[in-house]
Amino acid sequence: MEGDVGRVRRLYVHPDHRGRGLASELLERIVAASSFGRLRVRTHAAAAFYEARGFVPVSDDTATHELSRA
């Protein structure tokens with residue numbers, strides 16, 4: 001992976017706390033705190049979640065979506 005690329009490996013919210021916007025808040029804070037120019041994730045189950053937050057699909061063996069901050 002290139003030096004200017006970060007990865008969000010896992011982002012889970014316990015089922016008892018879902019539907020409150022916690023995952024969105026966590027991701028927003030991760031993005032804000034990151035010094036990387038690009039953030040990547042690898043997920044099929046949460047594709048719609050990430051796409052709704054600006055991540056775009058990518059064709060890559062190591063990631064399914066990417067957010068470019070440049």
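The values are calculated or read from the model by the stated rules, or taken from the named source; none is laboratory data. What you see is a predicted model; the values in this text were computed from it and never measured. When we count neighbours, we look across all protein chains shown, and the Cβ atoms used for this are built from the backbone with ideal geometry, even at glycine. Surface areas here come from the heavy atoms of the whole protein model, side chains and all, with no ligands, DNA or RNA. Shrake-Rupley method; radii C 1.70, N 1.55, O 1.52, S 1.80 Å.
A few remarks follow.
- The residue 59 and residue 30 beta-carbon pair, evaluated with R₀ = 25 Å, returns a calculated FRET efficiency of approximately 0.60.
- With 0.36 nm allotted per residue and the present C-alpha distance subtracted, the residue 12-residue 43 stretch has 9.9 nm of extension available.
- Counting only alpha carbon atoms, the long axis of helix 22-33 and the longest principal axis of the chain meet at about 30°.
- For the chain, the solvent-accessible area works out to 71 Å² per residue, with a probe of 1.4 Å and every protein chain left in place.
- Backbone N under 12 Å from the residue 5 label point (7 Å along Cα→Cβ), restricted to segment 20-53: 37-42
- The accessible surface of the chain, taken with every protein chain in place and a 1.4 Å probe, is 50 percent carbon and sulfur.
- Relative contact order %, the chain, counting alpha carbon pairs below 8 Å whose residues are six or more apart: 32 percent
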